[in-house]
Amino acid sequence: MEFSFPMVTEAIAAAVPDREALIYRDRRITFGQLAERSRRLANHLLSQGVSVRSERTDLAGHESGQDHLAIYLYNGNEYIEGMLGAFKSRVAPLNVNYRYVAEELTYLLNNSGARAILYHAEFAPILEKVRSDVPGLEILIQVADESGHDLLPGAVDYESALAAASPDTPAVEPSPDDLYMLYTGGTTGMPKGVLWRSADIFVAAMGGRTMAGTENESLDAIVENAKNGGFMRSLVGPPMMHGAAQWSGFINLNAGHTLVFASDGHRMDPHDVLGTMEREKCTSVTIVGDAFARPLLDQLDQQSYDLSELKLIGSGGAPLSTAAKEAFLDRFPGVLVIDAIGSSETGAQATNPATKGNVTTGEFKPGPGACVVSADLDRVLEPGDEEMGWFAQSGRVPLGYLGDAEKTAKTFPVIDGTRYSVPGDRAHWRADGVIDVLGRDSVCINSGGEKIFAEEVENALKLHEAVYDSVVCGRASERWGQEVVAIVKLRDGHDASDESLLEEAARHLARYKLPKQILRRDEIVRSPSGKADYRWAKEQVEGA
């Protein structure tokens, strides 16, 4: 059986209408209220003439037959309501990076073909600036915030639109074929819109699997699980514009658990995150790699919090170093730390669980459909094969990239009659079944004929006690073709010579992988979701 998001969320809301679904600041929204508010948004969108234009059966993988709603928001209940309202009106929601400047925003809105946008009032000035350059954008829904900006001409206030709309079930029938769209971060190139059937992403990353890893076979089973659940209170730290946050959020909601947001939706304030976890007695937290882990650990050194209910720390979207895992487990010995890996093009692929005394990094246990394919994309490798191939996913994978048939064919090849997603991570499948994921090929450094993956060098440097953060990339070299250059941010009050940093890295890496130069910066640029900005890094190393 295949499921659409409205089918699942409406059934859960009917089963547990009074259970808290969302907590954000002083707002406590039940599953019943969430269902009604998202129905009202769907009916407002339908009243504006947006919905589905062509069914999926008539389209190629890189094409969309639906209108699109751009969601240009900070974290909060409106983000979840926006996504669900879009699904219930058969409009495809898409994420907008709220840090984009005018040129980047114009590109994204035009590339996505968004007809409607749901945005915080804070973004009204930049949206007004680009509006004339985005002729397809017709419908503006503005969410009031502390900025106090007036409504843009032609825009409607979000709460007023909901109040005026019908709370009834929208007069469309959502399909499992309806799109879920996720724009990539654009840290190594231009952002791309990944198109998923909602039924596929539900299974691949948003709660459609059982604890045993099998697919849910019936709506009754999903509802029964939700009715018996509800014991988890999960704080999602990263921005909802990031896939890892969306997936974690919907996994919890689709299991009947309560989703919690920190009070400050503009940035990751470690005291705010930990204080919210303490106040709401959170049992789990989602972070994105060391960019979130380091500030939280530093804050825990400065102030104590009652986190006695915490059972799980989940990380995805960026590497979580061995040092960070060990530091969490030193403070919370009974907690399970799960480092998950996946991508916009694969969904959740594999996990690396860590417990006290059992910590590794980069070694992942594959989930259903995860595998390694050969470098020339002509066969699936077997565990124990010596060849280094591509980390891949089969089964429920995306349809393609919006508007890009060529890139779709390249990233989603067919091998022996089976379609795979191969987004670009190099990997080796060990004989014990564990997959060593080495990193994205686009930031791989070819030095003297040897392939060096940026992430493994970054992880080695972070094991030095003075290193707060690190990013590594290649630079042209007359001798080696490319050479490894590292950028580090040191901890406050710490100092370390190049020799000391290289000595620590040499304990974990072959000598040819060691940086030829180490640059120091007061800050390392990352996206709000914690991913390294390798374009910025290249500018730094080339300028040096």
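Quick note: the coordinates plus some simple rules give every number you see, no bench work behind them. Here the structure is a predicted model, which is why all the values come from computation and not from measurement. Cβ: placed from backbone, ideal geometry, glycine included. Neighbour counts: every protein chain shown.
Backbone phi angles across the range 433-446, fed through the Karplus curve with coefficients 6.51, -1.76 and 1.60 (θ = phi - 60°), yield HN-Hα couplings of x, 7, 9, 7, 9, 8, x, 6, 5, 5, 10, 6, 10, 9 Hz in residue order; Gly and Pro are listed as x. Relative to the globular-protein estimate of 2.2 N^0.38 Å, the Cα radius of gyration of the range 367-440 stands at 1.07. For the range 202-215, backbone phi angles converted through the Karplus equation (6.51, -1.76, 1.60; θ = phi - 60°) give residue-by-residue couplings of 4, 6, 5, 7, 10, x, x, 10, 7, 4, 7, x, 8, 6 Hz, Gly and Pro being listed as x. Dipole size of the chain about its Cα centre, with +1 on Lys/Arg Cβ and -1 on Asp/Glu Cβ: approximately 140 debye, rounded to the nearest 20. Under 5 Å from the amide H of Leu377 lies no amide H of any residue 5 or more positions distant or on a separate chain, with H modelled from the backbone and absent for Pro and chain starts. DSSP assigns beta bridges within the chain; of those with both partners inside it, close to 60 percent run antiparallel. Scaled to the globular estimate 2.2 N^0.38 Å, the Cα spread of the range 289-361, given as radius of gyration, is 1.11.
The orientation-averaged projection of the convex hull spanning the C-alpha atoms of the range 202-317 amounts to 7.3 square nanometres. With θ taken as phi - 60° and the Karplus curve 6.51 cos²θ - 1.76 cosθ + 1.60 applied, the whole-hertz 3J(HN,Hα) list for the range 217-233 is 9, 8, 5, 4, 5, 5, 5, 5, 4, 5, 4, 7, x, x, 8, 8, 10 Hz, x standing for glycine and proline.
Here is the tail figure for the chain: Cα pairs spaced more than 44 Å apart come to 14 percent of all pairs. Ignoring aspartates and glutamates fewer than eight residues from Lys227 along the same chain, the ones with Cα atoms less than 17 angstrom from its Cα are Glu10, Asp18, Glu20, Glu217.
For Asp492, put the label point 7 Å out on the Cα→Cβ axis and report which residues of the range 290-328 keep their amide N under 17 Å from it. It comes to 292-304, nothing else. Using the average count of surrounding beta-carbon atoms within 10 Å as a protection proxy, the listed peptides 201-210, 387-396, 499-508 rank, highest first, as 201-210, 387-396, 499-508.
How big is the gap, in Å, between the Cα center of the range 212-267 and the Cα center of the range 422-481? Going from one Cα centre to the other spans 32 Å. On a C-alpha basis, how far is the centre of the range 146-201 from the centre of the range 72-110 in Å? Whole number, if you could? One Cα centre to the other: 5 Å.
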